[in-house]
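Written below as structure tokens is the structure these notes are about.
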Amino acid sequence: MASSKEKRISSKPNSQSREKASLSKKLMNPSTQVVSLDLLDQILDSQFLNSLSDPSRVQILKKLILIGRSDVSKISETLPIDKSVVSRHLSFLSDAGILIRMKVGKQVFYEVDPVNILKRFQDIQDGIRLILDKCCPTPNAREAN
């Protein structure tokens, strides 16, 4: 629970968060018969996956996993990346839903958001399963038809 001086900073509702909600609805709807290009883009070209494809952001994420909730100064201490670059990467990871950003007074802390990470990976897995079921059914599924 956050103290009175601790404030969780939520990202502004943006197209990415609307896409997440839309994707979940599409994947949960069994009546969806056609996989659209938009759905493929939402699954495979997401800010979430993009954020995990950058080696510097992965390095920052690993550090946060090891040290827990920290501010940009502590995170950048032993990294071979300039503090301002680390700060931009932290914002990107936070906007992608990988990190939680919390403000305590004037200081901003970051920590890994495991619930959202697991949910996003589950959505990606469900989306890929949906795509594969539509384009490339397994031999068992072909025999059933």
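Here, each number is a calculation from the coordinates, and none is a lab measurement. Because the structure is a prediction, the values reported are computed rather than measured. Quick reminder, even Gly has a Cβ in these numbers, built from the backbone with ideal geometry, and neighbours come from all protein chains shown.
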Fully extended contour minus Cα-Cα distance, from GLU111 to LYS83, at 0.36 nm per residue: 8.4 nm
Could you check the simple spin-label distance between GLN122 and THR138, using points 7 Å along Cα→Cβ, in nm with one decimal? 2.1 nm
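Count neighbours as other Cβ atoms within 10 Å of each site's Cβ, and list the trypsin sites (Lys or Arg not before Pro) in segment 84-120 that are DSSP loop with at most 11 such neighbours.
Values: sites: ARG88, ARG101, LYS103, LYS106, LYS119, ARG120; in loops: LYS106.
The qualifying sites are LYS106.
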Sequence gap at least 6, Cα distance under 8 Å: using those rules, report the relative contact order of segment 77-145 to the nearest whole percent. 17 percent
Work out, step by step, the length gained on full extension between SER73 and LEU44: first 0.36 nm times the residue separation, then minus their alpha carbon distance; give nm to one decimal. 7.2 nm
Once amide H atoms are built 1.01 Å from N in the peptide plane, which residues 5 or more positions from ASP113, or in another chain, come under 5 Å H to H? LEU99, ILE100
